[in-house]
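Report on the structure given below.
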Amino acid sequence: VQTGVPLFAEVTRSVAANVVVAGVDNLHTLTAMLTSLVLNKVDTHLINFISANAQWEQLLEPLEEHGLTVQRAITLDSTVESFLKEARARTAEGRDAAPQFLVLAGVHRAKRLDPANRVTTVSDMVHELLAIGPAVGVHTIMTADGLASAQSRVHEFGLQVLEASRTNDNQLLFEDHIHAFTQQVHGFAPSEPADIERLINTVMIHSGRK
């Protein structure tokens, strides 16, 4: 049952067109975003820092079958370097190419992105990717257990989605965004992998892709 209006987020080729989803239970929102990217045949790579979560891993299975690339946390450095290399090349050449999305799930658990960690190489690469990537179609989505966790690591997010979270997150969300647009959305998320598979198949059939 949907009790509120649906929320649509259009990610354009513009500065800071990255997304952060903050909240103590953000996996269903992220799954919905991933499903949308897969349905639109967008090249998407997910690096998962979240501890074993059998339910979410099951939800990801049909998305992997239809093009989502799921990688282990150990690939962070090499994957970010690859995305940054592509963003730099597009910027230097003025090349117009298909969009790409790097998704970092659970950055509050990413030790190499922890501000207390003095190993800064990958953090520097992430900051540069967030800064130059969106304008050339290379975007980043991050999730964290709270907005403070995300902002302590990176800041370049034009779209911030705040779910049930810590009380100070509301203040953090608006203190630097006087003209921010807010909308309360209520809904539900698929609870079974079959729901996602059925949705993907239905869209593909109606769009003539299957």
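The values are calculated or read from the model by the stated rules, or taken from the named source; none is laboratory data. Here the structure is a predicted model, which means the values were calculated and not measured. Neighbour counts run over all protein chains shown; Cβ positions are idealised from the backbone, glycine included. Surface accessibility is based on the protein's heavy atoms, side chains included, excluding ligands, DNA and RNA. Shrake-Rupley method; radii C 1.70, N 1.55, O 1.52, S 1.80 Å.
Points worth noting:
- Residue match in the range 92-109 (condition: β-branched (Val, Ile, Thr) and over 23 Å from Ser36 (Cβ atoms)): no
- Considered as a group, the residues in the range 30-49 that are aliphatic (A, V, I, L, M) and more than 16 Å from Leu102 (Cβ to Cβ) include one that is most open to solvent (accessible area, probe 1.4 Å), and that residue is Ala32.
- Test: residue in the range 22-44 that is in contact with a helix residue (DSSP H, G or I) (Cβ under 7 Å, 6 or more places away or on another chain), modelled with pLDDT under 90 and assigned to a loop (DSSP other than H, G, I, E, B): no
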